[in-house]
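Asker: Structure below; questions to follow.
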There are 2 protein chains.
Amino acid sequence: MYRSHNCGELRIEDVNKEVTLAGWVQRVKDRGVLTWVVIRDRYGITQLLFDEERSPKELLEQSKTLGREFVVQVKGTVIERESKTKNMETGDIEILVSELRVLNEAQTPPFTIEDETDGGEELRMQYRYLDIRRNPVKNNLMFRHSVAMEVRKYLSEKEFIEVETPYLIKSTPEGARDFVVPSRMNEGQFYALPQSPQTFKQLLMVGGMDKYFQIVKCFRDEDLRADRQPEFTQIDCEMAFVDQEDILNVFEGLTRHLLKEVKGVEIDAFPRITFDEAMKRYGNDKPDIRFGMEFGELNAVAQHKDFNVFNSAELVVGIAVPGGASYTRKEIDKLIDWVKRPQVGALGMVYVKCNEDGSYKSSVDKFYDQEDLAKWVEVTGAKAGDLICVLSGETNKVRAQLSALRMELAERLGLRNPEEFAPLWVVDFPLLEWDEDTERYHAMHHPFTSPKPEQIPLLATDPGNVKANAYDLVLNGNEIGGGSIRIHDKKIQAMMFDYLGFTPEEAKAQFGFLMDAFQYGAPPHGGIAFGFDRLVAILGGQETIRDFIAFPKNNSGRDVMIDAPANIDEMQLKELNIELLVSESAES
Amino acid sequence: MYRSHNCGELRIEDVNKEVTLAGWVQRVKDRGVLTWVVIRDRYGITQLLFDEERSPKELLEQSKTLGREFVVQVKGTVIERESKTKNMETGDIEILVSELRVLNEAQTPPFTIEDETDGGEELRMQYRYLDIRRNPVKNNLMFRHSVAMEVRKYLSEKEFIEVETPYLIKSTPEGARDFVVPSRMNEGQFYALPQSPQTFKQLLMVGGMDKYFQIVKCFRDEDLRADRQPEFTQIDCEMAFVDQEDILNVFEGLTRHLLKEVKGVEIDAFPRITFDEAMKRYGNDKPDIRFGMEFGELNAVAQHKDFNVFNSAELVVGIAVPGGASYTRKEIDKLIDWVKRPQVGALGMVYVKCNEDGSYKSSVDKFYDQEDLAKWVEVTGAKAGDLICVLSGETNKVRAQLSALRMELAERLGLRNPEEFAPLWVVDFPLLEWDEDTERYHAMHHPFTSPKPEQIPLLATDPGNVKANAYDLVLNGNEIGGGSIRIHDKKIQAMMFDYLGFTPEEAKAQFGFLMDAFQYGAPPHGGIAFGFDRLVAILGGQETIRDFIAFPKNNSGRDVMIDAPANIDEMQLKELNIELLVSESAES
């Protein structure tokens, strides 16, 4: 036993107890006749006292040799502090040390182990094991654990079974982003790491497992956007003998449980909106509804005058920015510049100031009178003091642009409070999406997603408008989960493959063994998968998933701490029956 | 909602309820004027009744068209059965069906979906999704889930944090059995899949995480023995500021908790024996102590006569087989043949029958008189009616041979009751083991395992006898967990590398970044890892891990259901900057 107590638990009631503590030296305050040393472990910090009058001389001397991050074990007596502090939970006491043992020395760490550190991202990643000593990172990892525990507890109580599906699976012809794994024992053949356990969870439903879940690592070898990881964690779920309503209820229950247990937030029934409505009202299929600024479509009230920009636009749409009427000309110009940045891509922005006196001042006063603008105000719900921002153009593009502006303004206005939680379901996603490159429809979710049964006839006449039994769970403007009811009927599946342009042979080659399985009695089933890294981050009040992963990779997919990936030796390659391709630049 | 109840829950109290059930057709019994159909889901089976008098004619006709494994939904009334059965939990009732809907048809499955199936191993693996419908497999998977839940519950309550460590890590020069993963983004470089999270869990201790666990997949690309899998699951654990005693206590607590919660078995303090004692008493470092037949070393009482086989042997050792005196000459000859099989490798076996009348009859009566044999009886603890089996030879070999015989006889005698649980700790493993090939010592556990501090001086004079702070948890003759206290002191670590024949440069190349981490204040730490597949199998009263894995691989590392590993196309190889090595046989 290296300790009788941890560094976070001693209180005023413990005064006079003989205790043994162990931990890392946080700081040493040398006052000559006495030394204070603060030590830290996972549970907190405790102050040690070495005192000329009450400590042996050697001990006082030894205390002065301690460096930051030394690992020490001390015995001593809990005493009441002369100057108490509320800054630490053990702030009422300190330990008058009678024995000090250095368990390990430490080099000076490359950055300070404090809540606010002087270390940059790259340095902290390289020394992640030191970064983890810092409260923010440590607390995130502990928080992640508690969320995972609550997920398991909730689903297990609902009779879900966690089943481990394999990691060494098979690459599919369309699995261009599969990580593959050469097999030593099966020469020239490869396993693939799963992008998701989709196939296996459907097989478990065929197998009668009924309610399945798994918190599971998934892998995708793709160019990484700012906040993606080549390996990521999903809460993967599937149920049999259910329709969409059953699934929404169960996983709304799960999300509500998490909000309550880990955040203390109680939320009633989650709102549900259709994909079409989400696009219309927020320009986005994952709207942040913590704040308003809903879209007002202005075609009817803005396309009757000589303003050709609007008249030629497919969509004219605006939002009312609370308090925006007070923006200066310069501020508004900056806003216009912002929407014109290539990342947003608007060609310009029209605005209307709603003055406190009830009058309006717009950038298009030449074309629209006060009466016209009053209609804009009505449609966008603007109040006195607001600024109406209006964009126009091709529907999909202008919605995306205005959504970006809405989010940016909400951020600036402090409307995106990370400790406020606004979940909603987006339902009725389109079944298909048009791909410009291949000039054909692709499955928006995946080819097993069920169309709305009543819309199946529409597939022949208006495929782009067929809706799927597919749904996303959105939290604070982030998609945290998504899923669908699967097709379990062979005939409908065959029809779907046909619409997606697969010949029966192609369908068999790509999805053969799942199709085979479906011939032996597939139950109606459906499921959902949550992005666990993101869910935890958002519940933790942050948006960067990397801060909630113990050993994350950087944007090049590298682990800079262990320096992976790395070269492997020729011998090993040979055993695997592969060799490196000589790159063209090396050849020339 | 596809069902109001599941197929396992209706009881006599539910009579007259209108219910909706869904499931698979288990069997159809057509009696002309009525049909009984038994349907099955995860929760049980329920009998449906279609009756000429009480059912619409079409419904009765339709019921006769149902085939095995059809997926159906029925509505009907719960009625009391005329002939009740205790064979099913719903045996008091049946459902008089008013509506029948076939949700999916099914081809006749390739084997019967019954507890005892007619399908062979290979066929069942190929159609694993059907195999999972069978109770024995389904129950194993559900049992596995409950064990995992209890593990997490127990450790979480003890303040352990489950931290996910990365799957895409780095191959080490000694990682010959690493699976590797080519990186598309980092040309010519490879990740490796972890054989265990050993390094990361030690880094988490350096990071102050204090108490870590993880139920985690590990990977090893090695020739598979009968019951190994290329991917397997560990309960991986590590603690800081602990000594061996702390770890044994915590994980004895975990094991006791599991035995109690999932088996209802209460066990007091686990026995502990040293590695040396285990070898001496059982010839095995994972002794099955559910039964006796302990080894009696006979050198002192058998090497004083003219029997040269014994006189020239390093070890003469025997066991007393309960009731074995009644074996016929033929049976004993068969036993001798058994120990002489190449898998066991004994050159012969001496035996002594302990007759009920107190006399002895041995195969070496020429050399030993009754008084001599009486001493053998004393040493082996044989009773009247027992058979003493004696082997001799080189100590390590003869112990292994006699251990094999002991286990075989226990199996035959029915002493290995799978529902009896006898855990024990084996402690004080040797630190080093001599490797005949390289003619040097290797770390028995791994190079970070701490020697017993008081034995460190022995490293210089008698390294083979230095014991480690390493321990195994053994259950019913299987190692279910093993671990060690790690070295956290740089000086001792350097010394160990030296003894293991690493130059400082080699040590740095292989273990560099862990060594680096240790310079920033490594706490004393240690841990343990449990083989989760095996643990679950043994708790489940079985020894084959494959029966407790949803989608296992065969002995060639193949998943015969999805047919993986498989070839991948040239395009994909090219993107990964690798090509297949043309095999030598193909070249010639």
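Asker: In the range A:464-496, whose amide N lies under 15 Å from the spot 7 Å out along Cα-to-Cβ of A:ARG290? List them in ranges.
Answerer: Hits in the range A:464-496 for A:ARG290 at 15 Å: A:474-480.
Asker: Next up: Taking the Cα centre as origin and putting +1 on Lys and Arg beta-carbons and -1 on Asp and Glu beta-carbons, what dipole magnitude results for the protein assembly as shown, to the nearest 20 debye? Kindly include the intermediate steps, with their values, before the conclusion.
Answerer: Values: 142 positive and 198 negative charges, 291 e Å.
The calculation lands at about 1400 debye.
Asker: Among the helices of chain B (complete DSSP H runs), which have Cα atoms covering no less than 30 Å along the helix axis and a Kyte-Doolittle mean of at least -1.0?
Answerer: On the way: long enough: B:135-157 (32 Å, -0.58).
Sorted by number, the helices that extend far enough and score high enough are B:135-157.
Asker: Could you work out what % of the accessible surface of the protein assembly as shown is carbon and sulfur, using a 1.4 angstrom probe and leaving DNA, RNA and ligands out of the count?
Answerer: 47
Asker: If you don't mind, another one. List the equivalent ellipsoid semi-axes of the range A:150-285 in whole Å, largest first, each obtained as the square root of 5λ for an eigenvalue λ of the Cα gyration tensor.
Answerer: On the way: eigenvalues 198, 87, 47 Å².
Ellipsoid semi-axes (Å, largest first): 31, 21, 15.
Asker: Going by a ≥ b ≥ c, the root eigenvalues of the Cα gyration tensor, does the range B:389-437 fall in the rounded group (a/c under 1.5), the prolate group (a/b larger than b/c) or the oblate group? Don't skip to the answer; put the middle values down first.
Answerer: Values: a/c = 3.20, a/b = 1.38, b/c = 2.33.
Verdict is oblate for the range B:389-437.
Asker: Which percent, nearest 5, of DSSP beta bridges in the range B:12-104 are antiparallel? Let's see the in-between values first.
Answerer: Values: 31 of 33 bridges.
Around 95 percent antiparallel, to the nearest 5.
Asker: Round to a whole angstrom and tell me the spacing of the C-alpha centers of the range A:481-544 and the range A:104-132.
Answerer: Using only Cα atoms to place each centre, the spacing works out to 43 Å.
Asker: If you put +1 on each Lys and Arg Cβ and -1 on each Asp and Glu Cβ, how big is the dipole of the range B:12-104 around its Cα centre, in Debye rounded to 20? Working shown, then result.
Answerer: Numbers: 15 positive and 17 negative charges, 73 e Å.
The calculated dipole for the range B:12-104 is roughly 360 debye.
Asker: Over chain B, what portion of Cα pair distances is larger than 45 Å, expressed as a whole percent? The partial results should precede the final answer.
Answerer: Details: 63224 of 172578 pairs.
The answer is 37 percent, as a whole percent.
Asker: Follow-up question, since we're still on this one. How shielded is B:482-493 by partner chains, expressed as the average number of their Cβ atoms within 10 Å of its Cβ atoms? Let's see the in-between values first.
Answerer: On the way: counts 0, 0, 0, 0, 0, 0, 3, 3, 2, 0, 0, 0.
Averaged over the peptide's residues, the number is 1.
Asker: To continue, here is another question. How long are the three semi-axes of the equivalent ellipsoid for the range A:291-415, computed from the Cα gyration tensor as the root of 5 times each eigenvalue, in whole Å, largest first?
Answerer: Equivalent ellipsoid of the range A:291-415: 19, 18, 13 Å, largest first.
Asker: For chain A, with only Lys/Arg (+1) and Asp/Glu (-1) charged at the beta-carbon, what is the dipole magnitude about the Cα centre, in debye rounded to 20?
Answerer: Working: 71 positive and 99 negative charges, 219 e Å.
Magnitude of the dipole: close to 1060 debye.
Asker: Please report the Cα spread of the range B:221-267 along all three principal axes, rounded to whole Å, starting with the longest.
Answerer: Here the Cα extents, ordered largest to smallest, are 36, 33, 12 Å.
Asker: Here is a follow-up. Give me the Kirkwood hydrodynamic radius of the protein assembly as shown in Å, from all C-alpha pairs, to one decimal place? Each step should come with its number before you reach the end.
Answerer: Numbers: mean 1/r = 0.0288 Å⁻¹.
Over the protein assembly as shown, the inverse of the mean reciprocal pair distance is 34.8 Å.
Asker: Another question, then. Can you show me the helix-derived [θ] at 222 nm for chain B, built from DSSP H runs with n ≥ 4 at -39,500 (n - 2.57) apiece and divided by the number of residues, rounded to the nearest 500.
Answerer: Details: 18 runs with 173 residues, N = 588.
Only helices count here, giving -8500 deg cm²/dmol.
Asker: Toward the positive end of the charge dipole of the protein assembly as shown, about the Cα centre and with charges on Cβ (Lys, Arg +1; Asp, Glu -1), which of B:GLN519, A:ILE79, B:TYR360 goes farthest?
Answerer: A:ILE79
Asker: Another one. Among A:GLY323, B:ALA400, B:VAL180, whose Cα lies farthest out toward the positive end of the dipole of the protein assembly as shown, if unit charges sit on the beta carbon of Lys, Arg (+1) and Asp, Glu (-1)?
Answerer: Value computed over the given set: A:GLY323.
Asker: Compute the label-point distances linking A:ASP268 to its equivalents in the other copies; points lie 7 Å from Cα along Cα→Cβ; give nm, one decimal, shortest first.
Answerer: 6.0
Asker: List every residue whose amide H lies under 5 Å from the amide H of B:ASN567, counting only residues 5 or more places away in sequence or on a different chain, with H placed 1.01 Å from N in the peptide plane.
Answerer: Placed amide hydrogens put A:PHE190 under 5 Å from B:ASN567.
Asker: Moving to a separate point now. With a 1.4 Å probe and all protein chains kept in place, how much accessible area does A:TRP434 have, in Å² rounded to the nearest 10?
Answerer: Approximately 130 Å² of A:TRP434 is accessible to the 1.4 Å probe.
Asker: Given contacts defined as C-alpha pairs under 8 Å and at least six residues apart, what's the relative contact order of the range A:291-415, whole-number percent? Working shown, then result.
Answerer: Details: 210 pairs, mean separation 45.4, N = 125.
This gives 36 percent for the range A:291-415.
Asker: Quick one: label points 7 angstrom along Cα→Cβ at B:GLU394, distances to the other copies in nm, smallest first?
Answerer: 8.0
Asker: Moving to a separate point now. To the nearest whole number, what is the average tally of beta carbon atoms from other chains within 10 Å of the beta carbons of peptide A:199-206?
Answerer: Working: counts 1, 6, 0, 1, 8, 6, 1, 8.
If you average over the peptide's residues, the count of other-chain Cβ atoms is 4.
Asker: So for each of B:6-13, A:546-553, A:16-23 I average, over its residues, the number of other beta carbons within 10 Å; can you give me the resulting order with the highest mean first? Write down the numbers at each step before the final one.
Answerer: Working: B:6-13: 16.6, A:546-553: 21.6, A:16-23: 18.9.
Descending packing order for the listed peptides: A:546-553, A:16-23, B:6-13.
Asker: Over both sides of the B-A contact, add up the buried accessible area with a 1.4 Å probe and give it to the nearest 100 Å². Present the calculation step by step, with values, prior to reporting the outcome.
Answerer: Values: alone 30200 and 30210 Å², together 48980 Å².
So the total buried area for this chain pair works out to about 11400 Å².
Asker: Under the Kirkwood approximation for Rh and a Cα-based Rg, what ratio Rg/Rh is obtained for the range A:12-104? Spell out each step's value before the answer.
Answerer: Values: Rg = 11.9 Å, Rh = 12.9 Å.
Radius of gyration relative to Kirkwood radius: 0.92.
Asker: Across the Cα atoms of the range A:360-443, what radius of gyration and what greatest pairwise Cα-Cα distance (Dmax) are found, in Å?
Answerer: 18.1, 49
Asker: For the range A:125-132, just list the computed ³J(HN,Hα) in residue order, Karplus coefficients 6.51, -1.76 and 1.60, θ = phi - 60°, integers in Hz, with x standing in for Gly and Pro.
Answerer: My calculation for the range A:125-132 gives 6, 5, 10, 4, 5, 8, 4, 5 Hz in order.
Asker: A further question on this structure: Compactness ratio of the range B:471-518: Cα Rg over 2.2 N^0.38 Å, N = residue count?
Answerer: Values: Rg = 14.6 Å, N = 48, 2.2 N^0.38 = 9.6 Å.
So the Cα radius of gyration is 1.53 times the expected 2.2 N^0.38 Å.
Asker: Considering every pair of different Cα atoms, what Kirkwood radius, in Å, is found for the range A:11-55?
Answerer: On the way: mean 1/r = 0.0858 Å⁻¹.
Taking the inverse mean of 1/r over all distinct Cα pairs, the range A:11-55 comes out at 11.7 Å.
Asker: In nm to one decimal, list the spacings between the A:GLU245 label point and its equivalents in the other copies, with label points set 7 Å along Cα to Cβ, shortest first.
Answerer: Spelled out, the distances from A:GLU245's label point are 6.3 nm.
Asker: Which listed residue (A:LEU387, A:LEU458, A:CYS7) has the Cα farthest towards the positive end of the charge dipole for chain A, taking +1 on Lys and Arg C-beta and -1 on Asp and Glu C-beta about the Cα centre?
Answerer: Of the options given, the answer is A:CYS7.
Asker: Right, another one. What average count of beta carbons from other chains do you get within 10 Å of the Cβ of residues in A:568-580?
Answerer: Details: counts 13, 3, 0, 2, 9, 5, 1, 5, 9, 4, 9, 5, 9.
The mean count of partner-chain Cβ atoms within 10 Å per residue comes to 6.
Asker: Rounded to the nearest 0.05, what FRET efficiency is calculated for B:GLU419 and B:MET1 with R0 set to 45 Å and r the Cβ-Cβ distance? If you can, show how the numbers build up before the last one.
Answerer: Working: r = 40 Å, r/R0 = 0.89.
After rounding, the FRET efficiency stands at 0.65.
The values are calculated or read from the model by the stated rules, or taken from the named source; none is laboratory data. It should be emphasised that the depicted structure is a prediction, and the values quoted were computed from it without experimental measurement. Every residue, glycine as well, gets a Cβ built from its backbone with ideal geometry; the counts of neighbours run over all protein chains shown. Surface areas here come from the heavy atoms of the whole protein model, side chains and all, with no ligands, DNA or RNA. Shrake-Rupley method; radii C 1.70, N 1.55, O 1.52, S 1.80 Å.
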